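Student: Below is one structure. I have some questions about it.
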Amino acid sequence: MGKLLSILAYTSTHENEKTSDIFLDFENCVPSVSEKRVFEEVEHVLRQSDGILEEIQCYKGAGKEIREAISNVSPEVQEKAWTAVVPLVEKLKRCFDHSIELERVVPILLEELVGGNRTPRQHLEEQQALVKQLAEILEFVLKFDEYKMKTPAIQNDFSYYRRVVSRQRLDANNAVIPSDLANRMSLFYAHATPMLKVLSEATSRFVEQHSSDTENTTETLGTMAKVCLRMLENPNLLRQLTREETQLLVLRVMVGLVILYDHVHPDGAFKKNSHVDVKGCVKLLQAQPPAKSEPLLNALRYTTKHLNEENTPKNIKNLLAA
(Lines give C-alpha, C1' and ligand atoms only; values in the text may rest on other atoms or scores of the structure.)
Protein backbone atom coordinates (compact mmCIF):
# COMPACT_ATOMS: atom_id res chain seq x y z
CA MET A 1 0.00 0.00 0.00
CA GLY A 2 1.20 3.51 -0.78
CA LYS A 3 2.49 5.94 1.81
CA LEU A 4 -0.05 7.12 4.30
CA LEU A 5 0.02 10.29 6.33
CA SER A 6 -2.07 11.03 9.40
CA ILE A 7 -1.48 14.64 10.33
CA LEU A 8 -4.23 16.53 12.09
CA ALA A 9 -7.36 15.66 14.07
CA TYR A 10 -10.01 13.53 12.35
CA THR A 11 -13.59 14.24 13.41
CA SER A 12 -15.73 11.24 14.26
CA THR A 13 -19.36 10.91 15.22
CA HIS A 14 -18.15 9.71 18.61
CA GLU A 15 -17.62 12.84 20.71
CA ASN A 16 -14.62 11.62 22.68
CA GLU A 17 -12.69 10.19 19.77
CA LYS A 18 -9.73 12.17 18.39
CA THR A 19 -9.18 11.87 14.71
CA SER A 20 -6.70 12.86 12.02
CA ASP A 21 -6.52 13.84 8.40
CA ILE A 22 -5.91 10.87 6.17
CA PHE A 23 -3.94 11.06 2.95
CA LEU A 24 -5.37 8.79 0.27
CA ASP A 25 -2.33 7.97 -1.82
CA PHE A 26 -4.19 7.34 -5.07
CA GLU A 27 -1.03 7.73 -7.13
CA ASN A 28 0.96 4.93 -5.47
CA CYS A 29 -1.42 2.57 -3.67
CA VAL A 30 -1.32 -1.12 -4.59
CA PRO A 31 -3.59 -3.88 -3.31
CA SER A 32 -2.49 -5.94 -0.33
CA VAL A 33 -2.75 -9.72 -0.40
CA SER A 34 -6.08 -9.55 1.44
CA GLU A 35 -7.46 -6.99 -1.05
CA LYS A 36 -6.26 -8.70 -4.21
CA ARG A 37 -9.23 -10.99 -4.96
CA VAL A 38 -11.82 -8.21 -4.81
CA PHE A 39 -9.43 -5.71 -6.41
CA GLU A 40 -8.93 -7.89 -9.49
CA GLU A 41 -12.65 -8.57 -9.88
CA VAL A 42 -13.49 -4.86 -9.73
CA GLU A 43 -10.50 -3.91 -11.87
CA HIS A 44 -11.73 -6.16 -14.67
CA VAL A 45 -14.86 -3.98 -14.87
CA LEU A 46 -13.05 -0.68 -14.39
CA ARG A 47 -10.74 -1.40 -17.31
CA GLN A 48 -13.76 -1.07 -19.60
CA SER A 49 -14.80 2.32 -18.22
CA ASP A 50 -12.51 4.52 -20.32
CA GLY A 51 -13.78 2.94 -23.53
CA ILE A 52 -17.39 3.41 -22.43
CA LEU A 53 -16.75 7.06 -21.62
CA GLU A 54 -15.14 7.59 -25.00
CA GLU A 55 -18.14 6.04 -26.74
CA ILE A 56 -20.64 8.26 -24.94
CA GLN A 57 -18.49 11.41 -25.15
CA CYS A 58 -18.00 11.02 -28.90
CA TYR A 59 -21.57 9.90 -29.58
CA LYS A 60 -22.81 11.24 -32.90
CA GLY A 61 -26.51 10.68 -33.37
CA ALA A 62 -28.44 9.80 -36.49
CA GLY A 63 -30.71 12.86 -36.34
CA LYS A 64 -30.26 13.78 -40.00
CA GLU A 65 -31.03 10.29 -41.27
CA ILE A 66 -34.01 9.95 -38.92
CA ARG A 67 -35.50 13.27 -40.02
CA GLU A 68 -35.16 12.24 -43.65
CA ALA A 69 -36.79 8.88 -42.93
CA ILE A 70 -39.74 10.58 -41.23
CA SER A 71 -40.35 12.87 -44.20
CA ASN A 72 -39.56 10.34 -46.94
CA VAL A 73 -40.95 6.81 -46.77
CA SER A 74 -38.99 5.44 -49.70
CA PRO A 75 -37.27 2.10 -48.93
CA GLU A 76 -33.85 3.54 -49.71
CA VAL A 77 -34.19 6.39 -47.20
CA GLN A 78 -35.66 4.06 -44.58
CA GLU A 79 -32.77 1.64 -45.03
CA LYS A 80 -30.24 4.45 -44.76
CA ALA A 81 -31.71 5.57 -41.41
CA TRP A 82 -31.82 2.00 -40.10
CA THR A 83 -28.22 1.43 -41.15
CA ALA A 84 -27.18 4.59 -39.29
CA VAL A 85 -29.11 3.75 -36.12
CA VAL A 86 -28.13 0.11 -35.64
CA PRO A 87 -24.44 0.74 -34.73
CA LEU A 88 -25.57 3.45 -32.32
CA VAL A 89 -27.99 1.07 -30.61
CA GLU A 90 -25.19 -1.48 -30.29
CA LYS A 91 -23.04 1.23 -28.69
CA LEU A 92 -25.83 2.09 -26.25
CA LYS A 93 -26.16 -1.58 -25.40
CA ARG A 94 -22.45 -1.75 -24.52
CA CYS A 95 -22.91 1.20 -22.16
CA PHE A 96 -25.97 -0.40 -20.61
CA ASP A 97 -24.13 -3.72 -20.19
CA HIS A 98 -21.37 -1.84 -18.37
CA SER A 99 -23.92 -0.39 -15.96
CA ILE A 100 -25.01 -3.94 -15.13
CA GLU A 101 -21.42 -4.93 -14.41
CA LEU A 102 -20.98 -1.91 -12.14
CA GLU A 103 -24.20 -2.83 -10.37
CA ARG A 104 -22.75 -6.29 -9.79
CA VAL A 105 -19.35 -5.27 -8.40
CA VAL A 106 -20.39 -2.31 -6.22
CA PRO A 107 -21.81 -4.52 -3.43
CA ILE A 108 -18.69 -6.72 -3.60
CA LEU A 109 -16.52 -3.64 -3.10
CA LEU A 110 -18.71 -2.23 -0.33
CA GLU A 111 -18.64 -5.57 1.45
CA GLU A 112 -14.92 -5.06 1.94
CA LEU A 113 -15.00 -1.35 2.70
CA VAL A 114 -17.59 -1.18 5.48
CA GLY A 115 -18.32 -3.01 8.68
CA GLY A 116 -16.36 -5.91 10.06
CA ASN A 117 -13.83 -5.15 12.77
CA ARG A 118 -12.57 -1.94 11.13
CA THR A 119 -13.83 1.58 11.73
CA PRO A 120 -14.46 3.84 8.69
CA ARG A 121 -11.11 5.48 9.37
CA GLN A 122 -9.32 2.12 9.42
CA HIS A 123 -10.95 1.07 6.14
CA LEU A 124 -9.69 4.25 4.48
CA GLU A 125 -6.22 3.89 5.94
CA GLU A 126 -5.73 0.18 5.40
CA GLN A 127 -7.59 -0.54 2.14
CA GLN A 128 -6.52 2.31 -0.08
CA ALA A 129 -6.40 0.29 -3.31
CA LEU A 130 -10.09 -0.61 -2.86
CA VAL A 131 -10.90 2.94 -1.80
CA LYS A 132 -9.33 4.16 -5.04
CA GLN A 133 -11.54 1.76 -7.00
CA LEU A 134 -14.64 3.21 -5.34
CA ALA A 135 -13.29 6.65 -6.27
CA GLU A 136 -12.84 5.57 -9.89
CA ILE A 137 -16.39 4.25 -10.03
CA LEU A 138 -17.71 7.56 -8.70
CA GLU A 139 -15.65 9.51 -11.22
CA PHE A 140 -16.92 7.32 -14.06
CA VAL A 141 -20.53 7.78 -12.93
CA LEU A 142 -20.24 11.57 -12.82
CA LYS A 143 -18.51 11.77 -16.20
CA PHE A 144 -20.89 9.38 -17.94
CA ASP A 145 -23.99 11.18 -16.70
CA GLU A 146 -22.53 14.57 -17.61
CA TYR A 147 -21.88 13.41 -21.18
CA LYS A 148 -25.27 11.74 -21.41
CA MET A 149 -27.12 14.88 -20.31
CA LYS A 150 -25.36 16.80 -23.09
CA THR A 151 -26.42 14.26 -25.73
CA PRO A 152 -30.19 14.31 -26.38
CA ALA A 153 -29.56 12.33 -29.57
CA ILE A 154 -29.24 9.20 -27.44
CA GLN A 155 -32.92 9.06 -26.55
CA ASN A 156 -34.01 10.25 -29.99
CA ASP A 157 -32.03 7.49 -31.71
CA PHE A 158 -33.26 4.79 -29.36
CA SER A 159 -36.87 5.94 -29.63
CA TYR A 160 -36.64 5.77 -33.41
CA TYR A 161 -35.09 2.31 -33.23
CA ARG A 162 -37.93 1.05 -31.03
CA ARG A 163 -40.58 2.56 -33.30
CA VAL A 164 -39.12 0.81 -36.34
CA VAL A 165 -38.92 -2.51 -34.51
CA SER A 166 -42.50 -2.17 -33.30
CA ARG A 167 -43.87 -1.02 -36.64
CA GLN A 168 -42.15 -3.65 -38.71
CA ARG A 169 -42.42 -6.41 -36.10
CA LEU A 170 -38.82 -7.39 -36.75
CA ASP A 171 -37.77 -10.85 -35.71
CA ALA A 172 -35.00 -11.45 -33.18
CA ASN A 173 -32.28 -11.62 -35.82
CA ASN A 174 -33.10 -8.21 -37.26
CA ALA A 175 -34.09 -6.42 -34.05
CA VAL A 176 -30.48 -6.16 -32.78
CA ILE A 177 -31.62 -6.54 -29.14
CA PRO A 178 -34.55 -8.47 -27.61
CA SER A 179 -37.67 -6.48 -26.75
CA ASP A 180 -37.37 -7.06 -22.98
CA LEU A 181 -33.80 -5.73 -23.03
CA ALA A 182 -34.93 -2.79 -25.16
CA ASN A 183 -37.53 -1.96 -22.51
CA ARG A 184 -34.89 -1.99 -19.77
CA MET A 185 -32.53 0.13 -21.84
CA SER A 186 -35.30 2.62 -22.53
CA LEU A 187 -35.92 3.07 -18.80
CA PHE A 188 -32.19 3.41 -18.21
CA TYR A 189 -31.64 6.15 -20.79
CA ALA A 190 -34.87 7.95 -19.88
CA HIS A 191 -33.32 8.86 -16.53
CA ALA A 192 -31.40 12.14 -16.42
CA THR A 193 -28.49 10.52 -14.57
CA PRO A 194 -28.71 6.80 -15.35
CA MET A 195 -25.36 5.69 -13.92
CA LEU A 196 -25.95 7.56 -10.67
CA LYS A 197 -29.32 5.83 -10.42
CA VAL A 198 -27.64 2.44 -10.85
CA LEU A 199 -24.94 3.26 -8.28
CA SER A 200 -27.29 4.73 -5.68
CA GLU A 201 -29.78 1.86 -6.01
CA ALA A 202 -27.00 -0.74 -5.75
CA THR A 203 -25.67 1.01 -2.64
CA SER A 204 -29.14 1.36 -1.14
CA ARG A 205 -29.82 -2.34 -1.68
CA PHE A 206 -26.51 -3.14 -0.01
CA VAL A 207 -27.52 -1.02 2.99
CA GLU A 208 -30.92 -2.75 3.18
CA GLN A 209 -29.33 -6.19 3.02
CA HIS A 210 -26.67 -5.31 5.61
CA SER A 211 -28.79 -3.48 8.15
CA SER A 212 -26.20 -4.01 10.88
CA ASP A 213 -23.70 -2.05 8.76
CA THR A 214 -26.02 0.78 7.68
CA GLU A 215 -24.39 3.41 9.86
CA ASN A 216 -20.92 2.16 8.96
CA THR A 217 -21.74 2.41 5.25
CA THR A 218 -23.00 5.98 5.36
CA GLU A 219 -20.29 7.04 7.80
CA THR A 220 -17.61 5.56 5.55
CA LEU A 221 -18.99 7.49 2.56
CA GLY A 222 -19.17 10.69 4.63
CA THR A 223 -15.71 10.23 6.11
CA MET A 224 -14.23 9.62 2.67
CA ALA A 225 -15.87 12.85 1.44
CA LYS A 226 -14.32 14.75 4.36
CA VAL A 227 -10.94 13.20 3.65
CA CYS A 228 -11.14 14.33 0.00
CA LEU A 229 -12.11 17.84 1.13
CA ARG A 230 -9.20 18.09 3.54
CA MET A 231 -6.72 16.73 1.02
CA LEU A 232 -7.70 19.59 -1.29
CA GLU A 233 -7.85 22.24 1.46
CA ASN A 234 -4.63 21.40 3.24
CA PRO A 235 -1.58 22.67 1.29
CA ASN A 236 0.67 20.01 2.85
CA LEU A 237 -1.62 17.24 1.63
CA LEU A 238 -2.39 18.87 -1.71
CA ARG A 239 1.32 19.10 -2.55
CA GLN A 240 1.59 15.32 -2.30
CA LEU A 241 -0.79 14.93 -5.25
CA THR A 242 1.86 15.26 -7.93
CA ARG A 243 -0.45 15.00 -10.94
CA GLU A 244 -3.20 17.44 -11.85
CA GLU A 245 -5.48 14.61 -12.95
CA THR A 246 -5.25 13.17 -9.42
CA GLN A 247 -6.38 16.48 -7.95
CA LEU A 248 -9.31 16.50 -10.39
CA LEU A 249 -10.13 12.91 -9.42
CA VAL A 250 -10.24 13.84 -5.73
CA LEU A 251 -12.43 16.87 -6.50
CA ARG A 252 -14.92 14.84 -8.53
CA VAL A 253 -14.94 12.01 -6.00
CA MET A 254 -15.67 14.44 -3.17
CA VAL A 255 -18.77 15.63 -5.05
CA GLY A 256 -19.76 12.09 -6.03
CA LEU A 257 -19.61 10.99 -2.40
CA VAL A 258 -21.84 13.87 -1.29
CA ILE A 259 -24.39 12.94 -3.96
CA LEU A 260 -24.24 9.23 -3.20
CA TYR A 261 -24.52 9.85 0.56
CA ASP A 262 -27.54 12.07 -0.08
CA HIS A 263 -29.24 9.30 -2.06
CA VAL A 264 -28.42 6.52 0.39
CA HIS A 265 -28.83 8.10 3.83
CA PRO A 266 -32.49 8.45 4.89
CA ASP A 267 -31.94 12.03 6.07
CA GLY A 268 -29.66 13.03 3.22
CA ALA A 269 -26.40 14.98 3.16
CA PHE A 270 -27.68 18.47 3.97
CA LYS A 271 -28.86 18.12 7.55
CA LYS A 272 -26.57 19.61 10.20
CA ASN A 273 -25.82 16.24 11.80
CA SER A 274 -24.80 14.49 8.57
CA HIS A 275 -21.32 13.03 8.16
CA VAL A 276 -20.73 15.26 5.13
CA ASP A 277 -19.38 18.82 5.20
CA VAL A 278 -21.49 20.10 2.31
CA LYS A 279 -20.74 23.75 3.07
CA GLY A 280 -17.00 23.12 2.98
CA CYS A 281 -17.30 21.17 -0.28
CA VAL A 282 -19.32 23.92 -1.98
CA LYS A 283 -16.96 26.68 -0.86
CA LEU A 284 -13.99 24.71 -2.12
CA LEU A 285 -15.70 24.21 -5.48
CA GLN A 286 -16.55 27.89 -5.74
CA ALA A 287 -12.86 28.71 -5.30
CA GLN A 288 -11.97 26.63 -8.37
CA PRO A 289 -11.93 27.90 -11.98
CA PRO A 290 -15.44 27.75 -13.49
CA ALA A 291 -14.43 25.11 -16.04
CA LYS A 292 -13.69 22.75 -13.16
CA SER A 293 -16.36 23.83 -10.71
CA GLU A 294 -19.54 24.45 -12.72
CA PRO A 295 -20.23 20.85 -13.84
CA LEU A 296 -19.70 19.66 -10.27
CA LEU A 297 -21.78 22.44 -8.70
CA ASN A 298 -24.53 21.62 -11.18
CA ALA A 299 -24.29 17.97 -10.18
CA LEU A 300 -24.91 19.01 -6.56
CA ARG A 301 -27.75 21.33 -7.60
CA TYR A 302 -29.59 18.94 -9.88
CA THR A 303 -28.71 15.33 -8.99
CA THR A 304 -28.95 15.32 -5.20
CA LYS A 305 -32.12 14.01 -3.61
CA HIS A 306 -32.75 16.18 -0.54
CA LEU A 307 -31.47 19.65 -1.47
CA ASN A 308 -34.88 21.20 -2.09
CA GLU A 309 -36.56 19.76 1.00
CA GLU A 310 -37.87 22.14 3.65
CA ASN A 311 -35.46 21.04 6.36
CA THR A 312 -32.36 21.74 4.24
CA PRO A 313 -30.64 24.75 5.85
CA LYS A 314 -31.24 27.98 3.93
CA ASN A 315 -27.56 28.88 3.97
CA ILE A 316 -26.78 25.69 2.00
CA LYS A 317 -29.55 26.42 -0.51
CA ASN A 318 -28.33 30.00 -0.90
CA LEU A 319 -24.74 28.87 -1.28
CA LEU A 320 -25.62 26.50 -4.12
CA ALA A 321 -27.91 29.08 -5.71
CA ALA A 322 -25.01 31.55 -5.99
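Student: Please work out how much length the chain gains when fully extended from Asn298 to Asp50, using 0.36 nm per residue of separation minus the C-alpha to C-alpha distance, in nm with one decimal. Show your work: numbers first, answer last.
Tutor: Numbers: separation 248, 0.36 × 248 = 89.28 nm, distance 2.28 nm.
Contour length minus the Cα-Cα distance gives 87.0 nm.
Student: For Lys91, list the lysines whose Cα falls under 16 Å from its own Cα; do not include residues on the same chain fewer than 8 positions away.
Tutor: Result set, ordered by chain and number: Lys60, Lys148.
Student: Let me ask something else about it. Using a 1.4 angstrom probe on the protein heavy atoms only, could you order Phe39, Phe140 from most to least accessible area?
Tutor: Heavy-atom accessible area, descending, gives Phe39, Phe140.
Student: If you don't mind, another one. Mind giving me the nanometre distance, one decimal, between the label points for Lys64 and Ser211, set 7 Å out from Cα along Cα→Cβ?
Tutor: 5.9 nm
Student: Could you order peptides 253-261, 271-279 by the average number of other Cβ atoms within 10 Å of their residues, highest first? Spell out each step's value before the answer.
Tutor: Details: 253-261: 27.3, 271-279: 17.8.
For the peptides 253-261, 271-279, the packing ranking is 253-261, 271-279.
Student: Another one. Loop-only trypsin sites (Lys or Arg not before Pro) in the range 67-176, please: DSSP not H, G, I, E or B, and at most 10 other Cβ atoms within 10 Å.
Tutor: Arg169
Student: Report, in debye and to the nearest 20, how large the dipole of the range 150-274 comes out about its Cα centre when Lys and Arg carry +1 and Asp and Glu carry -1 on their Cβ.
Tutor: 460 debye
Student: Same structure again: Could you do me a favour and compute the accessible area per residue for the chain, 1.4 Å probe, result in Å²? Display every interim value, and only then the final one.
Tutor: On the way: 15830 Å² over 322 residues.
It amounts to 49 Å² per residue over the chain.
Student: Which distance in nm do the two modelled labels at Asn117 and Glu90 give, with both placed 7 Å along the Cα-to-Cβ direction?
Tutor: Rounded to a tenth, the inter-label distance reads 5.2 nm.
Student: In addition: Hey, any idea what % of the range 256-304's accessible area is carbon plus sulfur with a 1.4 Å probe?
Tutor: 51 percent
Student: Between Glu103 and Asn28, what length comes free when the chain is fully extended (0.36 nm per residue of separation minus the Cα-Cα distance, one decimal in nm)?
Tutor: Additional length available on full extension: 24.3 nm.
The values are calculated or read from the model by the stated rules, or taken from the named source; none is laboratory data. All values reported here derive from a predicted model rather than from experimental measurement. All Cβ positions, glycine included, derive from the backbone under ideal geometry; neighbour counts span all protein chains shown. To get the accessible areas, we keep the full protein, side chains included, count just its heavy atoms, and leave off ligands, DNA and RNA. Shrake-Rupley method; radii C 1.70, N 1.55, O 1.52, S 1.80 Å.
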